[in-house]
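Some notes on the structure that comes next.
The values are calculated or read from the model by the stated rules, or taken from the named source; none is laboratory data. Just so it is clear, the structure is predicted and the values come from calculations on it, not from any experiment. Counting neighbours? That spans all protein chains shown, and the Cβs are built from the backbone with ideal geometry, glycine included.
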Amino acid sequence: MSNLDETKEQTINEEGREETFAELLDESNTKPKKYSQGQKIKAKVVRVTDEWIFVDLGGKSEGIIAVSEFEASNVPAVEEEIEAQFLYLQEDEIILTTKVGGAKASRKQLEDAFHAQIPVEGQVMGEIKGGLEIKIAGVRAFCPSSHMEMRRGGNLSKYNNKKLLFHILEYKEGGRNIIVSRRKLLKEEQEKKIADLKEKLQIGKEVTGKVRSIQNFGVFVDLGGIDGLIPVSEMSWGRVEDPSEVVKMGEKVCAKINSIDWGKQRISLSLKDTTEDPWNTVAQRYEEETWIEGTVVRLTDFGAFVTLEEGVDGLIHISNLSAEHHVKHPKEVIEVGQKVEVRILKIDKENKRISLSMEPEHINPFKTGELDINEGELLQGEVDSVKPFGVFVKLPNSLVGLIPNEEMGTPKGTKHKNMFPSGSKIEVVVLSIDKENEKIRLSRKAADTKKEQDNVQNFQFASQEKEEMQLGSLGVVLKAKLEEKLGKKYKLS
């Protein structure tokens, strides 16, 4: 009787099992199932001895696994399901393994493991050129650095003296030349984890992971088998220039899943969605026509963006930067990082916009009706800006009017921007005032015409006055009577 048979018989007697002669005969005549070398088998543990673990293979068949393959604290218990691989058949005993290795493993077992692609246990001895030296059952093996991890470029010294599982890629010269790899095992492990994650992960769910990599465009988070990406735009409700200012390497973070693409193995996460959008309550903290301090964060040709709090920015339009002089670019009056006092002009919660001003509050003459200008009046103004459709002009009382291109009195195609630079003086006639829409329509062409008419009238008045002075009062009366009688202009000689 073999040692295995003795152990099996002893275990049966110790458990007090009683079987009839017919049952024993039937059991002895039962032939074990046929398995191919390396075939994976899932089975439940039925009993455990000091040396062997017995698993149920169905019917009367049992497989055995050496206890030495497991750490003392990790030996599977009865009724626990484990996964193993068929190694070989020995005297009708089905020998299974979860790995091949240890001091007891023979070169024959290593060769069998190579052909059956059964994992082998090896100890990392240290780094050598191009990879790591591995000892498997006292035999020297080599693992290329590209086969130690799923991703290249890691620090391999962290594996020194550790016991790990490998696949044998090459077995040559009777075991004197062995090349091993971890990549296949890691990939299989990752596929299992991904299959498990597919059951757990859903869009909108919050997950916790460890920061694995920080890039300019975002942060990669290890979710336990697959990475999720937090784009820089999803890191905060505020503006983020450097992701490393928000999270640190190795830090555990909680994020919400925005999208999942299992085909490309891409998961998009959001850190900011785990907190409330500050715009939801912005109306509770800010009121129009009140002053508040903010920080200038960005300058553009049309104005300056100011952060009022994290996630809430407002815009100072270039026309609201200074009441004292015309501003061509915001950098003339403010700079990025500067603290400024701003007045809230308008809050648009729906579009997440706040209009700001650095100018002091002034009374709107359109609303009060105190415009102090009339239609047909000739005024002198200052060019504010030139647009493709016309020229905006600053008028007295902080009013602004528009001269359409057709009212400029210039040849078609004239480049008004060169001819009328911002700040230059210009005479205009008020064509119309639209109080309801707060618009004033002006004309430079009409101003030139009005000036000519005024000059003619002034000349005629001056000539008449001179003639009257020459004739005297009696002559003027006589001249008027003659003109009345003759019905035409009469000139006294």
### Message
Filter the stretch 375-394 down to the residues that are among the polar types (S, T, N, Q) and touching a Ser or Thr at 6+ places or on another chain (Cβ under 7 Å) and list them by number.
### Response
385
### Message
Take residues that are without any contact (Cβ under 8 Å) to a residue 40 or more places away in the chain, assigned by TED's automatic domain parsing to the domain that holds residue 218 and within 27 Å of residue 231 (Cβ to Cβ) and tell me which of the strands (runs of 3 or more DSSP E) falling wholly in the stretch 258-345 contain 1 or more.
### Response
266-270
### Message
For the stretch 75-100, which positions are of a type in the set (A, V, I, L, M) and either within 22 Å of residue 60 (Cα to Cα) or modelled with pLDDT under 80 (or both)?
### Response
77, 78, 82, 84, 87, 89, 94, 95, 96, 100
### Query
Can you pull out the residues in the stretch 132-182 that are basic (Lys, Arg), under 42 Å from the mean Cα position of the chain (by Cα) and closer than 14 Å to residue 121 by Cα?
162, 163, 182
### Which numbered condition residue 247 fails, given (1) surrounded by 17 or more Cβ atoms within 10 Å (Cβ to Cβ); (2) part of a strand (DSSP E or B)
(2)
### Task
Would you check if residue 213 is small (Gly, Ala, Ser) and over 30 Å from residue 337 (Cα atoms)?
no
### Query
Tally time: how many residues in the stretch 183-232 are on the phi > 0 side of the Ramachandran plot and in contact (Cβ under 8 Å) with a residue 60 or more places away in the chain?
0
### Task
Return the total of residues in the stretch 284-296 being surrounded by fewer than 11 Cβ atoms within 10 Å (Cβ to Cβ) and not polar (S, T, N, Q).
3
### Query
If you go through the stretch 358-377 one residue at a time, do you hit one that is assigned to a strand (DSSP E or B) and surrounded by 11 or more Cβ atoms within 10 Å (Cβ to Cβ)?
no
### Task
Would you be able to say whether some residue in the stretch 79-97 is touching a helix residue (DSSP H, G or I) at 6+ places or on another chain (Cβ under 6 Å) and not assigned by TED's automatic domain parsing to the domain that holds residue 157?
yes
### Task
Residue by residue through the stretch 398-414, note down the ones that are closer than 18 Å to residue 441 by Cβ, surrounded by fewer than 17 Cβ atoms within 10 Å (Cβ to Cβ) and either more than 49 Å from the chain's Cα centre (by Cα) or not assigned by TED's automatic domain parsing to the domain that holds residue 378 (or both).
409, 410
### Task
From 87, 57, grab the single residue that is crowded, with 17+ Cβ neighbours inside 10 Å, more than 21 Å from residue 165 (Cα to Cα) and under 52 Å from the mean Cα position of the chain (by Cα).
57
### Message
Among the numbered criteria (1) within 20 Å of residue 321 (Cβ to Cβ); (2) free of Cβ contacts under 8 Å to residues at least 12 places away in the same chain, which one does residue 368 miss?
### Response
(1)
### Task
Check whether at least one residue in the stretch 371-393 is at pLDDT below 90 and among the basic types (Lys, Arg), and report yes or no.
no
### Task
Mind listing whichever residues of the stretch 264-283 are buried (at least 16 other Cβ atoms within 10 Å of the Cβ) and more than 15 Å from residue 348 (Cβ to Cβ)?
267, 268, 269, 270, 271, 272, 273
### Message
Step by step: first the residues of the stretch 60-74, then only those that are in a loop (DSSP other than H, G, I, E, B) and either outside the structural domain of residue 40 (by TED's automatic domain parsing) or more than 49 Å from the chain's Cα centre (by Cα) (or both), then the one that is modelled with the lowest pLDDT. Which residue is that?
### Response
60
